[in-house]
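Notes follow once the structure below has been shown.
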Amino acid sequence: YPTISDKLHLSPIGINIDRFKEAEAAPVTQDSPTIVFSGSMNSRLNIDAVSWFVGEVFPDVKKSIPDCQFLIVGHNPTQEVKQLATVEGVKVTGRVEKTEPYIVGADLVVIPPRGGAGVKIKLLEGLAAEKLVLTTDYGISGTEITPGEEVLHANTESTFAQKAISAINSPDDY
């Protein structure tokens with residue numbers, strides 16, 4: 001009889017780094033400091049993540065960096081996500097042809113999930129684009145990434161805001 005290991009197949013996730021090297025920054029990212037989140041915006045975990053960021057973190061970022069903008073990039077935004085665009089500095093793109101220009105143009109990529117498991121493609125995309133990435137424990141679950149080394153890491157609203165502000169104001173420190 002075959003064992004379970006005979007039935008398993010490891011399929012690593014891959015990201016084409018050249019997609020990011022060849023991408024030009026989206027024009028919307030060039031006018032002010034930009035934080036980007038990308039993902040399917042009808043996913044409950046993504047809705048919770050951006051709602052938490054806009055409601056609990058972004059106000060502190062805006063106090064420190066008034067011209068900062070937060071772009072929520074992804075297809076199928078729910079009404080709840082679209083409503084976030086009523087907050088000053090928040091833009092919801094909806095479906096875009098390519099996410100690479102938004103990620104490449106970002107000063108900071110945030111991945112603020114408060115639940116879930118598994119490798120987040122958005123994490124790999126942020127790293128492939130050689131961007132500063134700020135995430136939570138859940139954002140790096142399923143990876144061998146060490147918090148504070150390959151990515152910036154925070155789990156509370158105040159720490160997340162402090163690290164976002166620091167990353168935007170002093171990117172060369174990271």
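Classify the range 134-174 as rounded, prolate or oblate, taking a ≥ b ≥ c as the square roots of the eigenvalues of its Cα gyration tensor: rounded when a/c is under 1.5, otherwise prolate if a/b is larger than b/c and oblate if not. Don't jump to the answer; show the numbers that get you there.
Details: a/c = 3.36, a/b = 1.43, b/c = 2.35.
Note, shape of the range 134-174 comes out oblate.
What residues have an amide H closer than 5 Å to that of residue 34, excluding those fewer than 5 places away on the same chain, when H is modeled at 1.01 Å from N in the peptide plane?
69, 107, 108
Compute the distance from the alpha-carbon center of the range 11-79 to that of the range 147-174, in whole Å.
15
Compute the distance in nm between two label points, each set 7 Å from the Cα along the Cα-to-Cβ direction, one at residue 87 and one at residue 172.
3.1
For residue 3 paired with residue 150, estimate the spin-label separation in nm (one decimal), with each label point 7 Å from Cα along the Cα-to-Cβ line.
2.8
Test of understanding: given the chain, find the longest segment containing no GluC sites (Glu not before Pro) that are in a DSSP loop and have at most 16 other Cβ atoms within 10 Å. Let's see the in-between values first.
On the way: sites that count: 22, 24, 88, 97, 130, 144, 149, 150.
Between exposed loop sites, the widest span is 25-87.
In terms of the Cα gyration tensor, with a ≥ b ≥ c the square roots of its eigenvalues, is the range 69-164 rounded because a/c is under 1.5, prolate because a/b exceeds b/c, or oblate? Working shown, then result.
Details: a/c = 1.60, a/b = 1.39, b/c = 1.15.
Here the range 69-164 falls in the prolate category.
Which value, in Å to one decimal place, does the Kirkwood hydrodynamic radius take for the chain when every pair of different Cα atoms is included? Walk me through the intermediate numbers first.
On the way: mean 1/r = 0.0606 Å⁻¹.
For the chain, inverting the mean 1/r across all distinct Cα pairs yields 16.5 Å.
Under a point spin-label approximation (7 Å from Cα along Cα-to-Cβ), what is the residue 32-residue 78 distance to one decimal in nm?
2.7
Per residue of the range 65-70, what does 6.51 cos²θ - 1.76 cosθ + 1.60 with θ = phi - 60° give for ³J(HN,Hα)? Whole Hz please, x for Gly and Pro, Karplus curve as stated.
So the Karplus estimates, Gly and Pro as x, are 10, x, 8, 5, 10, 10 Hz.
A short reminder: the numbers here are calculations on the coordinates, not readings from a lab. Note that the structure is predicted; figures quoted are calculated from it, not measured. We place every Cβ from the backbone using ideal geometry, glycine too, and count neighbours over all the protein chains shown.
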